[in-house]
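Got a structure for you, questions after.
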Amino acid sequence: MGRGARIRSAEAKGGPRTNNLRWLYAGRALRSFATAFLTVVFPLYLAAEGYRSAGIGFILTAGGVGTAALVALVGLGGDRFGRRTMLLLLAALGLAGSILLAASRDLILVLVASGLCGVGRGGGAGSGGSWGPVFPAEQPLLSASVEPKRRTAAFGTIAFVGVVAGAAGSLVAWVPHLLEAAGWPVLHADRLVFLLGAALSLGMILTTLPIRETSPEPAGAAAAPISTPQLVRRLGLTNALNGFGIGFLGPLLTYWFHVRYGAGAGEIGILYALINLVAALPYLGASRLAERLGAVRAVTLTRAASIATLLVVAWMPNFWLAGAVFALRMAFNSLGLPARQSFVMGVADERRRGMVAALSMLPSQVTATVSPAVGGTLMEAFVDTPLYGAALFMALNLVAYYYAFRYIHPPEEAGPGTAAAPDGRRPPAPRSAD
């Protein structure tokens, strides 16, 4: 029996695939838990250190440069040295970064530490930690752990796990407030939370060790409906626009709630926990929506609703109404995100999934490092900049995404007569006579 047949036999018995899913879900839960409270605590920690909007935006931008470098390292290194190895490396760097944040007030070290921890690089409240340097390693591993027809459901499940864990993690942002009420200095209370981040990074190492990884078979290249260079170019353009939008949210949104409504870390933490819970259930319905509409249509419609709702947030008269509308926005976003991620893995050459994820995501990481500095500076004059800036670039992303991929189908959607043209385009799948 050949190597490929042995792998398929083991997978059919529920071996490596089933076990991998278990550990990947556990790792996402720990990472989302940590990302949720760091996204709230870190910008307010900087504010307590005396930084204003522009300074906070600059620090977030500078930390994002390191994150962008990690995206490239993980994607290119994962295809060559193993995606599991890259997950271990990221967890170790997160451990080091959290310890640095807890131990030092030096600006340079804080910048380095925030980049290592990936502060704010999980996509914000309700995203389930589905964005950032871990993406080029985690997503190929997840895709290889399920059959194509179950891939979108698996992406929905891991996002659901991440969002629920993020809801719990957001409540940790209340801990510094409680410690301050008990007489702790503000900065000491925040540093204790950073040490919790270090402990969670250690847990990520432990959940990654049991993952089993096998090399994809050479035949995987023949099934790709679009060439890797074409796919990377199209994703690079659309993701660059999306990155600008994401950069206006994340930690800068935390600061917007603080400036616009006077909300503190505890209130924002509770709000983010509720947003995560509201956004959780739609992830589980994402695969059904994608099956009904197709991945690209599902992404397009849900993103349009998400952008429209985001614009409404700026008009809300108080903190909790703004939070409620933002929660609705994240619910729409949740319906399309698993389909978007699964689509990329489905149309990519299996052997190059890490590279595709990294190179296509790198433009979004670069643009996401620019927009916090721009948004933070513009907030000095126009406080609602994060919301309008995010909506503008996400709308541009939506249009570009639809026109780039409307004729491309992953294997589970491709029916008879949908073979790709030389430029990667596919005609719509034929409809039945009835």
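The numbers here are math on the coordinates, done by the rules we state, and not lab data. Just so it is clear, the model here is predicted, and its values are computed rather than measured. Heads up, the Cβs are rebuilt from the backbone with ideal geometry, glycines too, and the neighbour counts pull from every protein chain shown.
Using only the Cα atoms of region 245-349, what semi-axes does the equivalent ellipsoid have when each is the square root of 5 times a gyration tensor eigenvalue? Give whole Å, largest first. Can you show the working numbers first?
Details: eigenvalues 163, 33, 31 Å².
They are 29, 13, 13 Å, listed largest first.
Compute the distribution of all C-alpha to C-alpha distances in region 298-378, in bins of 10 Å from 0, and list the percent of pairs in each, rounded to whole numbers.
Bins of 10 Å from zero give 16, 29, 38, 14, 3, 0 percent of pairs.
Taking only Cα atoms, what is the 0 to 90° angle, nearest 10, from helix 295-313's long axis to the longest principal axis of the chain?
With both axes taken from Cα atoms, the answer is about 20 degrees.
Skipping prolines and chain starts, which residues have an amide H placed within reach, meaning under 5 Å, of the one on Ile211, given they are 5 or more residues away or on another chain?
Here nothing satisfies the definition.
Sticking with this one: Could you tell me the largest-minus-smallest coordinate of the C-alpha atoms of region 28-176 on each of the three principal axes, in descending order and whole angstroms?
Principal extents (Cα only, largest first): 51, 32, 24 Å.
Follow-up question, since we're still on this one. Asn19 to Arg212: extension gain in nm, 0.36 nm per residue of separation minus the Cα-Cα distance?
Numbers: separation 193, 0.36 × 193 = 69.48 nm, distance 0.81 nm.
Gain in length upon complete extension: 68.7 nm.
Okay, next question. If packing is taken as the average number of other Cβ atoms within 10 Å across a peptide's residues, how do 333-345, 147-159, 93-105 rank, most packed first?
Details: 333-345: 26.3, 147-159: 21.6, 93-105: 20.0.
So the order, starting with the most tightly packed, is 333-345, 147-159, 93-105.
Please list, in order, the residues from region 373-387 whose amide nitrogen is less than 14 Å from a point placed 7 Å along the Cα→Cβ vector of Met316.
Under 14 Å, as judged by backbone N against the label point of Met316, lie 387 of region 373-387.
Arrange the following residues from fewest to most other Cβ atoms within 10 Å of their Cβ: Arg191, Arg233, Arg80.
On the way: Arg191 20, Arg233 15, Arg80 10.
Going from least to most buried by this count: Arg80, Arg233, Arg191.
How big is the Cα convex hull of the chain in projection, averaged over all directions, in nm²?
On the way: hull surface 81.4 nm².
That works out to 20.3 nm², a quarter of the Cα hull's surface.
Relative to the longest principal axis of the C-alpha atoms of the chain, give the angle of the C-alpha long axis of helix 228-248, reported between 0 and 90° and rounded to the nearest 10°.
The angle comes out at about 20 degrees.
Hey, another quick one. Relative to the longest principal axis of the C-alpha atoms of the chain, give the angle of the C-alpha long axis of helix 353-379, reported between 0 and 90° and rounded to the nearest 10°.
Approximately 30 degrees, to the nearest ten.
Rounded to the nearest whole Å³, what is the per residue volume of the convex hull around the Cα atoms of region 346-394? List each step's numbers first, then the result.
On the way: hull volume 3.4 nm³, N = 49.
Value for region 346-394: 69 Å³ per residue.
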